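Engineer: Before we start, here is the structure in question, set down as structure tokens.
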Amino acid sequence: MAKPKEVVGKRNAKVGYGSKRANRRKEIIRVASRLFSEKSYHDVTMEEIAEKVGVAKGTIYLYFDSKEKLYLEILEDSYQDIESLIKKEIAKSDPAPQKLKKVLNLIFGFYRQNLDILRILSRDETHLIREHYEFTEHWRLRRLRLYERILEKGVKEGSFRPINTKLTALVIFGLVRSVMFFHETDKSVEEIVDEVFSLIGNGILSEERKKSLEVS
């Protein structure tokens, strides 16, 4: 039977190994994200990623089975991060219009701070990967559902006029993506959000809510 000190030592060793492995994975993700943002998917190789990280090529495969898996995990990590932020905002008790505006601010702010991810998404090269359709559709539907939840709350509380929430969520999704990918501007995140929210709000806010916002 292991002595208490031996047990603690083994546990600390496992924690240290787990932390080291997590840090190495983050470094691989960071380096690969930069390369995929600078070059096309096919032009990036696992050899180049390994060289930039400073490890043998085989080490990369200990963390990711293939370049496809690595590429998709980069995107999945970013989707999970932004979804976590959005869910926290949705869980708050703010009225739907404020909630929607804060969510827009989170999304634009996140990608302004993570330009490598934004460049990768704007290339839209997931079609080069066999698993792309299921992957992109999965995350697209999840994002749409989050928008729908805000819209449904707004309709219920009277902040938004009666609307087709599924269609409106799709419009918001497309508008946000278009602005992120194709609208080059030096404006701040707050200024961009104000403009986008104004476009959305003029279409979905109830007349009563519009008047209250004008007064405030």
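Engineer: Along the Cα→Cβ direction, 7 angstrom out, place labels at Ser188 and Val55. What is the inter-label distance in nm?
Structural biologist: Computed distance between label sites Ser188 and Val55 equals 4.0 nm.
Engineer: Let me know the volume per residue of the alpha-carbon convex hull for the stretch 93-172, in Å³.
Structural biologist: 98
Engineer: Can you compute 3J(HN,Hα) from phi for each residue in the stretch 163-169, using the Karplus curve 6.51 cos²θ - 1.76 cosθ + 1.60 with θ = phi - 60°, rounded to whole Hz and x for Gly and Pro?
Structural biologist: In residue order, the calculated couplings are 9, 7, 5, 5, 5, 5, 4 Hz.
Engineer: Using modelled backbone amide H atoms (1.01 Å from N, in-plane), which distant-in-sequence or interchain residues come within less than 5 Å of Phe160's amide H?
Structural biologist: Under 5 Å from the amide H of Phe160: Val155, Ser206.
Engineer: Continuing with the same structure: Per-residue HN-Hα couplings for the stretch 32-38, Karplus 6.51 cos²θ - 1.76 cosθ + 1.60 at θ = phi - 60°, whole Hz, x for Gly and Pro?
Structural biologist: Here the 3J(HN,Hα) series is 5, 4, 5, 5, 5, 7, 8 Hz.
Engineer: Can you tell me the alpha carbon radius of gyration of the chain divided by the globular rule-of-thumb value 2.2 N^0.38 Å? Walk me through the numbers before you get to the answer.
Structural biologist: Numbers: Rg = 21.8 Å, N = 216, 2.2 N^0.38 = 17.0 Å.
For the chain, the normalised Cα radius of gyration is 1.28.
Engineer: Expressed as a rounded percentage, what relative contact order does the chain have, with Cα pairs under 8 Å and six or more residues apart?
Structural biologist: Details: 134 pairs, mean separation 41.4, N = 216.
Computed over the chain, the figure is 19 percent.
Just so you know, all these numbers are worked out from the coordinates, no wet-lab data involved. These numbers were taken from a predicted model, which means no experiment stands behind them. Reconstructed Cβ throughout: ideal geometry from the backbone, glycine too, with neighbour counts over all protein chains shown.
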